[in-house]
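First the structure, in the form of structure tokens, and then the observations on it.
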Amino acid sequence: MTPAFEHIPVLYEETLRALNPLPGQVFLDMTLGGGGHTEGLLKATAPEGRVLATDRDARAIRAASERLAEFEARLEVRQVCFAEAAHWIEPGSCDGVLMDLGISSPQVDHAERGFSFIKDGPLDMRMSQGEGMSAADVVNQWGEEELVRVFRQLGEEPRSGRVAQAIVRQRVVSSFETTLQLARCVEGALGGRAGKHHPATRVFQALRMVVNDELGQLEKGLVSAWKVLRCGGKLATITFHSLEARMVKRFAQFWGADYEAGDAADTPALRRPRRPVMRWYPRKSIKASRQEVLRNPRARSAQLRVMEKIEDLPEGREWAWRGDS
Ligand SMILES: C[S@@+](CC[C@H](N)C(=O)[O-])C[C@H]1O[C@@H](n2cnc3c(N)ncnc32)[C@H](O)[C@@H]1O
């Protein structure tokens, strides 16, 4: 029997309040998942508003389309990744956009997806099943130094060297095929559970992020979202860890400033004034209440940030906020 596809939407009320969907409006939900936020947007925009919803995961698309079948006339669903989300949507046509990042509960809970270090499954972790390299390809084929870099940069694992060394030693004996094989290897390298987190938490996060190019996708997704938003429309992002949050803040701080830095050190005398392209709304991130975290521990690390679009990103300078152009 196929396991149920259930995901409790995080910061549901807060997100809807911030996006403020009104009857007749058009929204893009770039992270359909189980369809919880999409359903809220569909209800609030009734009777004639529309919701466009995307996800790279075919199973999420199928399950949410079935669940939301009653809204079929007002819901358009596509299986695309963030980088492609703007390709089929008219620029400036959406009143609001949502990016509820990370993975859904079924992706972690269904062992065969290979995200879990608690339940055994094939070491896969691809959100778009079957596309690109799997987590097993990474741990079996990448060099020790590359593994150290990935675990340090994407997992913020302080003992990356020790884990990478244990993996490289182990795979000479037999290659990694399942999630528990890897979890036990990491546990062996780092020792048992210290505190409330499993020792493999950071390594699994790093692998998930590299397999799905999560930061690269987020970077492109922010620019896509900005393109399809109308001026005065809002972009809401929900992040679950510091690397995602940092990227959203960098985007917003760069485009929210009323000047552009004249040099790498941002010397005040060299700043060039310009009109801001976005406005924070509100300025501080919104976190889940204690009651929500008790009901849904996944909400613990969630941070909602909302930006209002003032203008399009200047043509040809869409990537200036990354600091490398
Ligand atoms: C946290 S879940 C969304 C849950 C949803 N808001 C709900 O209420 O059920 C995140 C979803 O985003 C999708 N996703 C993550 N990165 C993506 C990307 N780069 N492109 C498209 N979809 C992505 C995942 O497949 C997952 O289904």
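Summary of computed values
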{"read-out": "Every pair of residues 6+ apart whose Cβ atoms lie under 8 Å, when the first sits in the range 54-80 and is of a type in the set (Ser, Thr, Tyr) while the second is surrounded by fewer than 20 Cβ atoms within 10 Å (Cβ to Cβ)", "value": "THR54/ARG78; THR54/GLN79; THR54/VAL80"}
{"read-out": "Any hit, the range 34-47, residues being assigned to a loop (DSSP other than H, G, I, E, B) and more than 16 Å from the ligand (Cβ to nearest atom)", "value": "yes"}
{"read-out": "Residue list for the range 20-41, restricted to those being in contact with a Phe, Trp or Tyr (Cβ under 7 Å, 6 or more places away or on another chain) and either surrounded by fewer than 22 Cβ atoms within 10 Å (Cβ to Cβ) or more than 19 Å from TRP88 (Cβ to Cβ) (or both)", "value": "PRO21, GLY34, GLY36, HIS37, GLY40"}
{"read-out": "Filtered residues of the range 230-240 (kept if of a type outside the set (Gly, Ala, Ser) and buried (at least 18 other Cβ atoms within 10 Å of the Cβ))", "value": "LYS234, LEU235, THR237, ILE238, THR239, PHE240"}
{"read-out": "Yes/no for PHE27 being more than 16 Å from the chain's Cα centre (by Cα), within 23 Å of VAL80 (Cα to Cα), not in a helix (DSSP H, G or I) and not assigned by TED's automatic domain parsing to the domain that holds VAL80", "value": "no"}
{"read-out": "Which listed residue, of ARG283, ARG305, ARG246, ARG322, is modelled with pLDDT of 90 or more and surrounded by fewer than 17 Cβ atoms within 10 Å (Cβ to Cβ)", "value": "ARG246"}
{"read-out": "Among residues of the range 97-114, those that are part of a loop (DSSP other than H, G, I, E, B) and within 15 Å of the chain's Cα centre (by Cα), counted", "value": "4"}
{"read-out": "Subset of the range 168-202 [in contact (Cβ under 8 Å) with a residue 24 or more places away in the chain and either within 15 Å of SER134 (Cβ to Cβ) or not in a helix (DSSP H, G or I) (or both)]", "value": "ARG171, SER175, PHE176, GLU177, THR178, THR179, GLN181, LEU182, HIS198, ALA200"}
{"read-out": "Residue list for the range 72-96, filter: within 12 Å of the ligand (Cβ to nearest atom) and in a loop (DSSP other than H, G, I, E, B)", "value": "VAL80, CYS81"}
{"read-out": "Condition check for ARG246: without any contact (Cβ under 8 Å) to a residue 12 or more places away in the chain, assigned to a helix (DSSP H, G or I) and under 30 Å from LEU154 (Cβ atoms)", "value": "yes"}
{"read-out": "Residue that is nearest to the ligand (Cβ to nearest atom), among those in the range 97-123 that are surrounded by fewer than 19 Cβ atoms within 10 Å (Cβ to Cβ) and of a type in the set (Asp, Glu)", "value": "ASP109"}
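Table: residues versus (1) loosely packed, with under 15 Cβ neighbours inside 10 Å; (2) in contact with a Pro (Cβ under 7 Å, 6 or more places away or on another chain).
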{"residue": "SER174", "(1), (2)": "yes, no"}
{"residue": "THR178", "(1), (2)": "no, yes"}
{"residue": "LEU182", "(1), (2)": "no, no"}
{"residue": "THR201", "(1), (2)": "no, no"}
{"residue": "MET209", "(1), (2)": "no, no"}
{"residue": "GLU214", "(1), (2)": "no, no"}
{"residue": "GLN217", "(1), (2)": "no, no"}
{"residue": "LYS220", "(1), (2)": "no, no"}
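The values are calculated or read from the model by the stated rules, or taken from the named source; none is laboratory data. Because the structure is a prediction, the values reported are computed rather than measured. No Cβ is skipped: glycine too gets one built from the backbone with ideal geometry, and neighbour counts run over all protein chains shown.
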